[in-house]
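Asker: Pasting a structure below so you can have a look.
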Amino acid sequence: MTNQQGAPGAPEAACFHLDCLWQPSEGDPAGRFVFELRNTGAVPVEGFRLVFTTLRFVERDPSADNVHLLDRRGYYHEVAPPEGFRLVPGSAWRFSLGGITGEPQHRGEGIVSAYLTEADGVRRAVFVGDLRRETSGERSVSGAMAAQPFALIPWPAEVEMVPSDLLPGYLVPAEGATADELSAVSAVTALFRRLFPIEPAPFSLTALPDDRLLRFASDASLDREGYRLDFRATDILITAADAAGRQYALTALGQLLRAARAGGGFRFPADGHIADRPRFAWRGCHLDTARRFFPVGDIARFLDCLAYLRINVFHWHLTDDEAWRLEIRGYPELTSVGSVRGPDAALPPQLGDGAQPSSGFYSHADVRALVCRASQLNIEIVPEIDIPGHSTAALAALPALADRNEPAGAYASVQGFANNALNPAIDLTWTMLEAVFDDLAALFPSPYLHVGGDEVAHGAWQSSPLAARLMADLGIDSAEALQSHFMRRVQAMLAERGRKLAGWNEVGNGEGVETEGTLLTVWQKAAIGAGLAQRGYDIVMAPAEAYYLDIAHSSGWDEIGMSWAGATSLESTYAYEVGNDIPAELLPRLKGIQACLWTELVDSRVHFNHLVFPRLTAVAEAGWTPAANKNWERFSALTRFCPSL
Ligand code: ACM
């Protein structure tokens, strides 16, 4: 049993950036390609070869400049720089080729893909910029200007800008940018390319006359993740205190240019500034990958959507009654059995399944690739293993986790799963959890590991003779008290691994756990948040009635989505103000807000996009934008620029 084969993974981040310019050439009717391969990594390279593919292939090359054409088969080309050439970080190898088969007519007829082979044979990813050609300066934009001509989501803390009637070509780092700055620009260019593959990219590393230059500065006095953009006569100054702030500054510039290019009343700034900083440190989005399996490529793309919206926490729900999706060393059954549903499998078909078995889990290699992609996007992945309830899949995979003398159907969860809680009176529960937490700690750098704790059935453990003995030993008599004992032991295990406990708000029920370092995600009633904060817990607010993306947009019969928390329109999600639920003196405990997507009814990508977008942009804005700057008119006119899966 392997995880889904052939699913596109999260590709390696590129350390090289290839720009290509088409130029007319005397005596060569099809013109020439002028290339710049820039080293945006930290290490010099020498003795390398570059492979690229292009529809407009090079048939003959009498005038190759600063390059050897080594091989060409169909669209495949392999080239090398002159002997002894060394490409140091930040610098570029410029070369050109003529003899191309016809003048390109469209942006997409340039270099389509590339990679670099180092002298030792190791192949490196190369990001390929848009094919460009010189035009006669900035184009003027026509048409009536929108009331708010700047398309920024989420809206910044401070915006004072004058719209321009001119549209710059691309945004390009000025001479002297460091390899690190070039790499940041290349990474955000790649983000836009992945999200909007058929649109021109906002950035290039090679300047043409109609481009706008970018300069970089750092200022340690700016807030974490904050940035400043100064639009000046000849360039744009980007100031940030950290890499995240610089990424967000570039993302904001990309958003401005995207919308200005789209027309419809939007403009690029001529003058002025943006001074920006996040309202909350935790701007999260949760995704339930237990009920539905999402291939790694889909998760990678969702991370891109989050980064575009400056959401910086991905709460990854990996296990539930319906499936266990994370490979655990030493317990292969958790995934070989626990991730498979089907008519003849240990787990029956669930919502969306037919007679064909469904399966899928994340290997350690998958997780490492996604954690790496997330960290490049300033996103922290907080993994969730939902225990002690919601554990049907684990119990099906490892039947020895159950008390054999607990009667079948002794209790059921609200979702109808019988006897679905891990039993704290069974040793295997703890040896398995040791292995689970070892793997979580090895895979995820987040200081928090989320251990669920929601919806343990009231009758849980009451009919288990082993649990009864444990409760008698502990002098307790309720499921709530035993859950508190369970979670305190879990908290100690996490602390041994240097990690803090995050859980759903029920973790605070009864005695709860140690408040120090604990973070609770409040999903039930918003009022629960204030009570938990009062008791000393850090909280993240994800009230279902506002921020659960699986809840239907309206109460209409034809609407898709869940109804147990009412209906949440885009406008009502936007209108929810967390500050109204948490008294001012408790605000230091409010770490932020979060959207959640449970996937019972997410039967396709169409369902996903319908439920998530644009409501997620409303949560993103609530997490980033000062409450005083929220404005429904402005916000709702900009949602057409939001990304999708
Ligand atoms: C939850 O919605 N059960 C956290």
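Asker: Can you name every residue in segment 52-70 that is aliphatic (A, V, I, L, M) and either loosely packed, with under 15 Cβ neighbours inside 10 Å or closer than 17 Å to Arg86 by Cα (or both)?
Answerer: Hits for segment 52-70 are Val67, Leu70.
Asker: Still on this structure: Out of segment 593-616, which residues are away from the ligand (no atom under 16 Å from the Cβ) and touching a helix residue (DSSP H, G or I) at 6+ places or on another chain (Cβ under 6 Å)?
Answerer: Listed by number, the residues that qualify are Pro614, Arg615.
Asker: Could you please let me know if Leu474 is more than 17 Å from Asp454 (Cα to Cα), modelled with pLDDT of 95 or more and over 29 Å from the mean Cα position of the chain (by Cα)?
Answerer: Taking the combined requirement at face value, the residue satisfies it.
Asker: Within segment 383-406, does at least one residue satisfy the condition of being over 30 Å from Gly592 (Cα atoms), surrounded by fewer than 20 Cβ atoms within 10 Å (Cβ to Cβ) and out of contact with any helix residue (DSSP H, G or I) (no Cβ under 8 Å at 6 or more places or on another chain)?
Answerer: Yes: segment 383-406 contains one or more residues that are over 30 Å from Gly592 (Cα atoms), surrounded by fewer than 20 Cβ atoms within 10 Å (Cβ to Cβ) and out of contact with any helix residue (DSSP H, G or I) (no Cβ under 8 Å at 6 or more places or on another chain).
Asker: OK, next. Taking the stated definitions as given, is Val513 more than 16 Å from the ligand (Cβ to nearest atom) and among the β-branched types (Val, Ile, Thr)?
Answerer: So Val513 passes the test.
Asker: On to the next question. Residue under question is Gln483, and the condition is that it be under 34 Å from the mean Cα position of the chain (by Cα) and within 16 Å of the ligand (Cβ to nearest atom); does it hold?
Answerer: Against the criterion (under 34 Å from the mean Cα position of the chain (by Cα) and within 16 Å of the ligand (Cβ to nearest atom)), Gln483 qualifies.
Asker: Please find, among Ala546, Ala533, Ala526, Ala542, the residue that is aliphatic (A, V, I, L, M), touching a strand residue (DSSP E or B) at 6+ places or on another chain (Cβ under 6 Å) and within 16 Å of the ligand (Cβ to nearest atom).
Answerer: Ala542
Asker: Sort through Arg283, Arg292, Arg279 and tell me the only one that's open to solvent by less than 10 Å² (accessible area, probe 1.4 Å) and not in a helix (DSSP H, G or I).
Answerer: Only one candidate qualifies: Arg283.
Asker: With the condition kept exactly as written, say whether any residue in segment 446-457 is out of contact with any Phe, Trp or Tyr (no Cβ under 6 Å at 6 or more places or on another chain), open to solvent by 10 Å² or more (accessible area, probe 1.4 Å) and among the aromatic types (Phe, Trp, Tyr).
Answerer: yes
Asker: Continuing with the same structure: Would you mind finding the one in Glu160, Glu134 that is at pLDDT 95 or above, farther than 14 Å from Gly264 by Cα and open to solvent by 80 Å² or more (accessible area, probe 1.4 Å)?
Answerer: Glu160
Asker: So, one more: Filter segment 441-460 for residues that are part of a strand (DSSP E or B) and more than 15 Å from the ligand (Cβ to nearest atom) and give the result.
Answerer: Answer for segment 441-460, where residues must be part of a strand (DSSP E or B) and more than 15 Å from the ligand (Cβ to nearest atom): Tyr448, Leu449.
Asker: Further, regarding this structure: Only one of Asp477, Asp473, Asp438 is out of contact with any Gly (no Cβ under 8 Å at 6 or more places or on another chain), in a loop (DSSP other than H, G, I, E, B), away from the ligand (no atom under 16 Å from the Cβ) and open to solvent by 30 Å² or more (accessible area, probe 1.4 Å). Can you tell me which?
Answerer: After ruling out the rest, the residue left standing is Asp477.
Asker: What residue, among those in segment 553-599 that are small (Gly, Ala, Ser) and in contact (Cβ under 8 Å) with a residue 40 or more places away in the chain, is farthest from Phe280 (Cα to Cα)?
Answerer: Restricting to residues being small (Gly, Ala, Ser) and in contact (Cβ under 8 Å) with a residue 40 or more places away in the chain, the top hit is Gly561.
Asker: Here is a further query. Can you find a residue in segment 552-559 that is under 27 Å from Ile385 (Cα atoms), within 14 Å of the ligand (Cβ to nearest atom), buried (at least 17 other Cβ atoms within 10 Å of the Cβ) and modelled with pLDDT of 95 or more?
Answerer: No: zero hits.
Asker: Another question, then. When segment 37-51 is examined, which residues are found to be closer than 20 Å to Glu83 by Cβ, assigned to a strand (DSSP E or B) and either open to solvent by 20 Å² or more (accessible area, probe 1.4 Å) or among the small types (Gly, Ala, Ser) (or both)?
Answerer: The answer is Glu46, Arg49.
Asker: Do we have any residue at all in segment 628-638 that's without any contact (Cβ under 8 Å) to a residue 60 or more places away in the chain and either within 29 Å of Glu158 (Cβ to Cβ) or within 16 Å of the ligand (Cβ to nearest atom) (or both)?
Answerer: Scanning segment 628-638, I find at least one residue that is without any contact (Cβ under 8 Å) to a residue 60 or more places away in the chain and either within 29 Å of Glu158 (Cβ to Cβ) or within 16 Å of the ligand (Cβ to nearest atom) (or both), so the answer is yes.
Asker: Can you say whether Leu229 is in a strand (DSSP E or B), touching a residue at least 24 places away in the same chain (Cβ under 8 Å) and surrounded by 24 or more Cβ atoms within 10 Å (Cβ to Cβ), as far as the supplied structure shows?
Answerer: Here the answer is yes, as Leu229 does meet what is asked.
Asker: Residues that are aromatic (Phe, Trp, Tyr): list the strands (runs of 3 or more DSSP E) wholly contained in segment 53-149 that include at least 2 such residues.
Answerer: So the answer is 92-97.
Asker: Scanning for something more than 16 Å from the ligand (Cβ to nearest atom), surrounded by 16 or more Cβ atoms within 10 Å (Cβ to Cβ) and farther than 22 Å from Asp298 by Cα, does segment 407-417 turn up at least one residue?
Answerer: yes
The values are calculated or read from the model by the stated rules, or taken from the named source; none is laboratory data. Keep in mind the model is a prediction, meaning the values are calculated, not measured. No Cβ is skipped: glycine too gets one built from the backbone with ideal geometry, and neighbour counts run over all protein chains shown. The area values use the complete protein model at the heavy-atom level, side chains included, leaving out ligands, DNA and RNA. Shrake-Rupley method; radii C 1.70, N 1.55, O 1.52, S 1.80 Å.
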